[in-house]
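Before any comments, here is the structure.
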Amino acid sequence: MISIKNLTKKFKDLCAVDSLSLDIYEGEIFALLGVNGAGKTTTIRMLSCISRPTSGNAEIDGFSLKKQSAKIKEIINISPQETAIAGNLTVRENMEFIASLYYKDKKIIEEKVKALLKDFSLEDVAKKKAKLLSGGMQRRLSIAMALVSAPKVLFLDEPTLGLDVIARKELWKQIEELKKKMTIILTTHYMEEAEALADRIGIMVKGKLVEVGTVAELKAKTGEEKFEDAFIKIAGGKL
Amino acid sequence: MRTLAFVRRNLKEILRDPLSLVFCFAFPVLLLVIMELIITSTVPDISYVPQFKIENMFSSMCVFSFTFLTLFTAMLISKDRNSSFQARLNVSPMKSVEILFGYILAVLPLAIIQIILIFCASLCFGLVVKWNILLAVLALFPSMILFIGLGILVGSLCGEKAVGGMSSVIINLAVFLGGMFFPLETMNNAFTVICDILPFAPGIKIPKAIITENTEGIWIAVLTVILYMLVILGISILVFQLKSKSDKKAH
Ligand SMILES: Nc1ncnc2c1ncn2[C@@H]1O[C@H](COP(=O)(O)OP(=O)(O)OP(=O)(O)O)[C@@H](O)[C@H]1O
Ligand SMILES: [Mg+2]
């Protein structure tokens, strides 16, 4: 589904993403892990056509990132690390606005919005201004907005940041549901989240992708019993 | 269609903020009313303070109200950049010109409302209405676009915190170098030269000249303002496009 080749991003003399190569398969959930500043967000921004790679390329669903970004934009969507919502619009208006960027037919827009508000339990707050929602609710809205376009590939940058335990578990369930319909690339700082959701995990250290594998594979490779310890070993922390 | 949806969103975003209503609409009108009330009751002969003649005040307050378009355009754009809302737009099939026009087209109607409100208030203080008022309003458009362009520029370049400061610099420059509250004619030469070189004073001079039917030599002012408008608009479009494609991170 996604085939990344030597993707590189330099900011002046800092190499935020260093020649990253990786294949992500259709229908899987791929988790990108790494400490703060490892380059996860930068990778996602490049793959979602927000930021131009310094060098290297990727193919998403057969389309070239460099040459066919317009085609790629039609099949991807993103929930950015920052909660990207329009604060003075109501929850429903936020959804309808994003929907109207993708669909012309009012009926379709209405149906999509209605279904997503229901799926994400946002019906009760549909008329509330988005800026008045709690942080967790805003996150949920942000993800629901990304789903309006029914993307084939969904990027979730720290989707459960700031969610309470229950909301997080609920969102996990929803993400697993989505998996049937799309390929998902997510970043997270919660190891149990990666363990619970991801089919495969990639660990980035200082812009380089150093390990890729399933939880079991990574544990076996490092000889650790807990995934968290395996991550710490790979990410270079010394305890 | 997409652009229209975005225009609607921007209008809602601005108009649902009570602060923008106060500054965009209430403040310039109030200032005009208060100034005129004070002047008419305290100054025996308005020709001592020509800047407060109603046709001057009408022109000044229109341009003054446009300066707040800079502030609110800049605030909106900067907020959208910081919250990654623009990233969402950039991921959608929307092109960056559409996004840009979405911002501009949302602010234009606000400017029209400003002019209408200030016009109504000016009527109460004896603004003489002839056909040329339409021409005067038309003559305000280059300034309007200029200040919106400045807003795009500031919003694209500044972070959310710097926007307020930068915009108030522009607002103050326009007030002092535009000769809104003191007659530029009485200032020394060097100062008036600076004022004439910048677009603020000429922007006020033009509608004023049209209303008073004293348009001699106004072409230089017209050219100045239009030139500034084109240059600022050009630069702001360029910077906006560059910034929306570049990697400016949120923080
Ligand atoms: N626009 C930019 N200009 C300069 N440096 C940048 C820019 N964007 C990111 N960086 C740098 O690139 C590196 C990677 O940043 P990135 O945001 O991708 O990390 P991350 O893995 O998402 O971190 P976090 O877990 O904190 O979100 C960091 O050192 C960051 O400071
Ligand atoms: Mg990040």
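The values are calculated or read from the model by the stated rules, or taken from the named source; none is laboratory data. All figures in this text were calculated on a predicted structure; none of them were measured in a lab. When we count neighbours, we look across all protein chains shown, and the Cβ atoms used for this are built from the backbone with ideal geometry, even at glycine. Remember, those area values only see protein heavy atoms, side chains included, never the ligands or the DNA or RNA. Shrake-Rupley method; radii C 1.70, N 1.55, O 1.52, S 1.80 Å.
Assorted remarks:
- P(r) weight above 25 Å for the stretch A:98-223, C-alpha pairs, percent: 33 percent
- Fully extended contour minus Cα-Cα distance, from B:L173 to B:R16, at 0.36 nm per residue: 53.7 nm
- Counting 0.36 nm for each residue step from B:F101 to B:I113 and taking away their Cα separation leaves a gain of 2.4 nm.
- Rg and Dmax of the stretch B:2-250, Cα atoms only, in Å: 18.6, 63
- Base-10 log of normalised Debye intensity for the stretch B:1-84 (one unit scatterer per alpha-carbon) at q = 0.16, 0.17, 0.18, 0.24 Å⁻¹: -0.72, -0.76, -0.81, -1.13
- Using the Cβ-Cβ distance between A:E228 and A:K180 with R0 set to 25 Å, the FRET efficiency works out to roughly 0.30.
- Translational diffusion of chain A, estimated by Stokes-Einstein from the Kirkwood radius over alpha carbon pairs at 37 °C in a medium of 0.692 mPa s, is 178 µm² per second.
- Shielded by partner chains, the stretch A:22-53 residues - at least 40 Å² of accessible area, 1.4 Å probe, vs chain alone: A:R45, A:I50
- Solvent-accessible surface of the protein assembly as shown, taken per residue with a 1.4 Å probe and all protein chains present: 45 Å².
- Relative to the longest principal axis of the Cα atoms of chain B, helix B:132-157 runs at roughly 40 degrees.
- Largest GNM mean-square fluctuation among A:M191, A:M46, A:M137, using chain A with Cα springs under 10 Å: A:M191.
- Note on chain B: with a GNM built from Cα contacts shorter than 10 Å, the maximum mean-square fluctuation among B:K205, B:K130, B:K12 falls on B:K130.
- With a cut-off of 19 Å on the backbone N, the residues of the stretch A:171-188 near the modelled label site 7 Å out from A:Q68 along Cα-Cβ are A:183.
- Solvent-free Debye calculation, one equal scatterer per alpha-carbon of the stretch B:116-250: log10 I(q)/I(0) at 0.12, 0.14, 0.21, 0.22 Å⁻¹ equals -0.57, -0.75, -1.30, -1.36.
- Calculated over the stretch B:192-251: convex hull of Cα atoms, volume per residue (Å³): 111 Å³
- Interface area, chains A and B: about 2600 Å² of buried accessible surface, summed, with a 1.4 Å probe and ligands, DNA and RNA left out.
- Solvent-accessible area of the protein assembly as shown (1.4 angstrom probe, protein heavy atoms only): carbon and sulfur portion equals 62 percent.
- Average Cα contact separation per residue, chain B, under 8 Å, 6 or more apart, as relative contact order %: 28 percent
- Summarised as an ellipsoid, the stretch A:25-135 has semi-axes of 29, 19, 13 Å, derived from the eigenvalues of the Cα gyration tensor scaled by 5 and square-rooted, with the largest first.
- For the protein assembly as shown, the Cα gyration tensor yields ellipsoid semi-axes of 53, 23, 19 Å (square root of five times each eigenvalue, largest first, whole Å).
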